[in-house]
Every structure is written in C-alpha cells, then in structure tokens.
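Here is the structure we will look at.
The values are calculated or read from the model by the stated rules, or taken from the named source; none is laboratory data. Keep in mind that what you see is a predicted model, and the values were worked out from it rather than measured. Here the Cβ is made from the backbone with ideal geometry for all residues, glycine too, and neighbour counts use every protein chain on show.
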C-alpha cells in the first residue's frame, strides 16, 4: 500500500463515530431553507426543536418515537463496532423517555470486503437491540466504499411521559451520565497515542445502553433530557438551553476518562471537536484557563450519556439512585435565567 | 531554506494526524511547513501553536489546500508563507521524517523506538533442551532487550509468557525499565486469568486476541526469543 493509500485507510477509522457528524451550523442552515412541513398536531416533536427523535401521537395513551443513527467505525473490531453503533442509535429512544419496540439495520458495506466482518457487525447490533428490549425486524444494505452501520429505531412513550430536550427550567440542576472524552480517546488510540486502559474505558462506556440510566430517571421528576453525542456536551447543552436560559458548569464535577484530558493536553484533538468549537465558542465562557478542559467540553461523543435536568432539591436523590443502579452519574451544574441580551449560554468555572 | 525546516504533506489526513506529525517534526526542527486540506485542520494547528507559544502563519493555496508554518519562538522563519506557492505542491515529497519506520529520537534523546518491531514472548522459557536453562536464557533475553539501540514498539505476552509480567518474575524490573522508555507491554487477558495472575500483574496492560493479531499483522518484524 502506498503511504497515501495507507493514510486514507487510517483516516476512515479516525473519522468514525459521531465525529463523522456534520457540523451543527451547516445543518441548521440547510434545514432552515426547506419548505415548511404540513401542519399536524399529532407530530409532538419534530426537527424544528433539534430534539433527539421525532415523536408522533397515535392515541391518548401512545406516541411513537422514530430515530435513526449510523456512522463509519471508530474501532477496528467489527463486533464491537456493531454494539457501539446500535447502542448509540437506541439511545435517542431512551433520551425521549421511551421504550424500544423495533429496530431496522442500516448497512453500507464494500462489495469486496470479507462478509464475515459484516456478520460480526450485525451480531453486535442484534445483541444490543435484544438487551434494549426490542426486536430486530429487518433492514437495508447497500454497497459502499467503507463500512457504515446503524439502526432505524421505533419506540413508544406515553404522550405525558415524553422527555423533551427544551423544557429545562431555571433553578434545575444538570445530571450527566457516562464520562466525557470518548471521542478524543478513540481517535488518539487509533493514532497510537492513547493507552489500552483508556481505550477500554471508552469502549465500555460506548457500549453501555442508556436504558439503565433512563429507567432510573423515569422514576423521578425529570424536566428535560437529551443524549450527548456528536455536538459534544457544549452543543447538546446549548440545544437544551435553546437560547433562553444559562447554565453554569462546575469543571471539577465533569466526569471524564482521565486519559482524555492528557491527550487533549497533547493536542490530540479532532476535526469534529473544532467544528463544535467554531459553532459554539461565542455562547460559552470559560472562567478558567484550561485548554484541555475546553477540548473535553467540545469533544464529539459516540454513544455518550444522558444529560438530564431535575429540580435542584432532588438532584442528590436522583444521582444516588443512578449510582445505586450502577450508572456513572454526576451533578455537573445549575440552570438559571439568562438576560435577553447576554450571548453567553454556558459558563464553565 | 535552512535544514531546520521540515516539510510535511498531510493532504488527505484528518486530525489528529497532521498535529501528531507536526509535533514529531518539531522535536528535531525549528520550523514546520505543513500542507493540510481543511480549514478545520489549520485551526487545530493554530490552537497548538498558540498553546505552545509558537509562531503561526497560514495561507490558502487552493480551495482545499492550506499551507501552515509553525516556528518555535526565537526562530526567524515565520515569514515562510511568502515563499512562492509554486514551490510547494501536492506532489512535493515530504522529508519522510514523521512516518517512516525508523528510529525516532525524543527530546530527551533517550527513547529508541522503532515502529513496527514487536517482540512476542509466548512461553516462560527460551529454546528447548532444559527448562531451567531456558528460564535463565529468557531472563537474559529480556535484559538484553533493554540494552538494544532500537527498542521494540510492543512486547506481547501470551500463554506461559504472561508469567514474566507477574510479581515474582525475574524480568519485572527489566520490563518496567522498557515500559518507562515507551515500550508498550501487553499481556493476553485470557492467559492472565488462566494462570490466575490478575492481582499479581506488575507491569504493562491487559489486551485481547483481536488486538494481538492486529499488532502482529501491522508489525514490520516479529522477534521471538
């Protein structure tokens, strides 16, 4: 293989996961230009609110959740890739407060690649759908230059139980499950610059279903919920605040894979992280001079955790219950009112 | 231009690879001139330069071609972007510094790693004939590794070999010395469990068969005692 071809091949892996997601700015511009949808009051959550999934009400008790997610791999092990991609796709249903019903495979696979690899990807995916309580009901496969995998997932939720991402209230406390930094760790590892232990931590986190966190959150008064994926903590928190509120994040409380911080200090950062920074830097104020921490806050997460808001007086109980259930969870900050002329949505101190 | 300028062609490469190549080149050069194909890559390089107090200059040569010059403070070559663009094209060969499997010197001049050379230790003895002698030879083999001009990138342990990384092995100190110099020491997790050594591992990290195969496959050379 020539050097160029070798690098091209490596790059396919390095750019995988949610790091492959299009920048938030580009997407918003395009969506804004599309003709307006037919109005239908049964569409409870559509793309105009940048939420995790679409929710369509069927009757008084039932609404359907629809979501899909797929991407190129960020790990070399196909079985692991299948598990991570499926965990990531299923997550949106849990972030909406729903239960998984069915899932369909989305497969792009090179014509001349060993089909055993695809078998392992699909096996990993199927196992996660089963663990999530759903049924793998079919799928669609096409030939493509590099493998991509994901799921289209259908879930259900009672209309009054939907966890939207834009209903956070002033005074709420923010809870984040799963550690940050999986984007930095996986890309650094693929470039030979992160430890086996850190990579294993990232992999363990990426293949952990958000179901377990959601099951606990549903037993509490959660005002708003989303999952942290390609736009990083900064991007998804900004969507949650929808320009109306301000959040103050305590840097010391941010959970992260320790090596991610070390790698960020060594500038092992991704294009996705920089795209997030470009889009969000005018909305964030870092009150501490910590370059590596900034990179963690912007880092695109593949199959990241849930970001939920709860009334401040209940946050200790909710975090304790999450930990009791084996879920990594931290209270990371508070939400307050924002002055209309204040461009800063997120303060990190 | 001075020989202190390293030229890197990173077209087609995504972050963090252009950054890693730039950092490596800056170990031995005062200035790096790197070609990248996205604006985002130039921004990531700029962040690094800013954090390290290096001089940064960028100019766009084509819609998908950007030339970045990064110079250590005190050097006077940050004016390089005024060099006519014609001297730098996509086909300019790189100086080969960053990526060829060869000895790379660290800033401290102590690390002697070679990409692609992997040592595989799959038993606790070396050679056949006498087991006791074999164990002595293997200890000597590991010690001799520490004395080599070129260190392996990885040492892989599996089956009986994993006994060398556990407490009580005569080679732990030598392996720790190798690890301290950047050699990655990886032991097969199944084997560690089989010999019940999980609590006794004194050096290196656990890995799995997939990774072992991957490292072997990518290695330029496998060395076995």
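Computed quantities for the displayed model
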quantity	calculated
Criterion (under 11 Å from residue B:202 (Cα atoms), in the same structural domain as residue B:200 (by TED's automatic domain parsing), crowded, with 16+ Cβ neighbours inside 10 Å and under 23 Å from the mean Cα position of the chain (by Cα)) met by exactly one of B:183, B:165	B:165
Residues of the range A:55-74 that turn out to be crowded, with 24+ Cβ neighbours inside 10 Å and farther than 21 Å from residue A:140 by Cβ, as a count	3
Matching residues, the range B:122-160, being part of a loop (DSSP other than H, G, I, E, B) and closer than 20 Å to residue B:215 by Cα	B:122, B:123, B:150, B:152, B:153, B:158
Counted residues, the range A:80-120 - those being within 14 Å of chain B (Cβ to nearest Cβ) and surrounded by 19 or more Cβ atoms within 10 Å (Cβ to Cβ)	4
Selection from the range A:251-268 of residues that are within 14 Å of chain B (Cβ to nearest Cβ), in a loop (DSSP other than H, G, I, E, B) and surrounded by 21 or more Cβ atoms within 10 Å (Cβ to Cβ)	A:267, A:268
Residue within the range A:2-23 that is crowded, with 18+ Cβ neighbours inside 10 Å and either modelled with pLDDT of 85 or more or over 27 Å from residue A:279 (Cα atoms) (or both) present	yes
Residue match in the range B:61-79 (condition: farther than 15 Å from residue B:6 by Cβ, at pLDDT below 50 and assigned to a loop (DSSP other than H, G, I, E, B))	yes
Residue A:233 vs. criteria modelled with pLDDT of 95 or more, within 19 Å of the chain's Cα centre (by Cα), under 26 Å from residue A:72 (Cα atoms) and assigned to a helix (DSSP H, G or I)	yes
Scan of the range B:9-47 for residues that are surrounded by fewer than 24 Cβ atoms within 10 Å (Cβ to Cβ), more than 12 Å from chain A (Cβ to nearest Cβ) and within 17 Å of residue A:191 (Cβ to Cβ), ordered by number	B:25, B:27
Some residue of the range B:132-150 being within 13 Å of another protein chain (Cβ to nearest Cβ) and touching a residue at least 24 places away in the same chain (Cβ under 8 Å)	no
Test for residue A:227: is it outside the structural domain of residue A:261 (by TED's automatic domain parsing) and either touching a helix residue (DSSP H, G or I) at 6+ places or on another chain (Cβ under 7 Å) or more than 29 Å from residue A:56 (Cβ to Cβ) (or both)	no
Subset tally (residues that are surrounded by 14 or more Cβ atoms within 10 Å (Cβ to Cβ), assigned to a loop (DSSP other than H, G, I, E, B) and more than 12 Å from chain A (Cβ to nearest Cβ)) for the range B:186-225	6
Selection count where residues are on the phi < 0 side of the Ramachandran plot and either within 14 Å of chain A (Cβ to nearest Cβ) or free of Cβ contacts under 8 Å to residues at least 24 places away in the same chain (or both), scope the range B:153-185	12
Top-ranked residue of the range A:110-147 - restricted to ones that are touching a helix residue (DSSP H, G or I) at 6+ places or on another chain (Cβ under 6 Å) and without any contact (Cβ under 8 Å) to a residue 40 or more places away in the chain, ranked as farthest from residue A:86 (Cα to Cα)	A:117
Residue in the range A:280-289 that is in contact with a helix residue (DSSP H, G or I) (Cβ under 8 Å, 6 or more places away or on another chain) and within 14 Å of chain B (Cβ to nearest Cβ) present	yes
Flag if residue B:214 is in the same structural domain as residue B:127 (by TED's automatic domain parsing), free of Cβ contacts under 8 Å to residues at least 12 places away in the same chain, farther than 24 Å from residue A:200 by Cα and under 20 Å from the mean Cα position of the chain (by Cα)	no
Subset tally (residues that are under 17 Å from residue A:273 (Cβ atoms) and either in contact with a helix residue (DSSP H, G or I) (Cβ under 6 Å, 6 or more places away or on another chain) or outside any helix (DSSP H, G or I) (or both)) for the range B:20-47	6
Filtered residues of the range A:269-279 (kept if at the interface with chain B (Cβ under 9 Å from one of its Cβ atoms) and assigned to a helix (DSSP H, G or I))	A:271, A:272, A:273, A:274, A:275, A:277, A:278
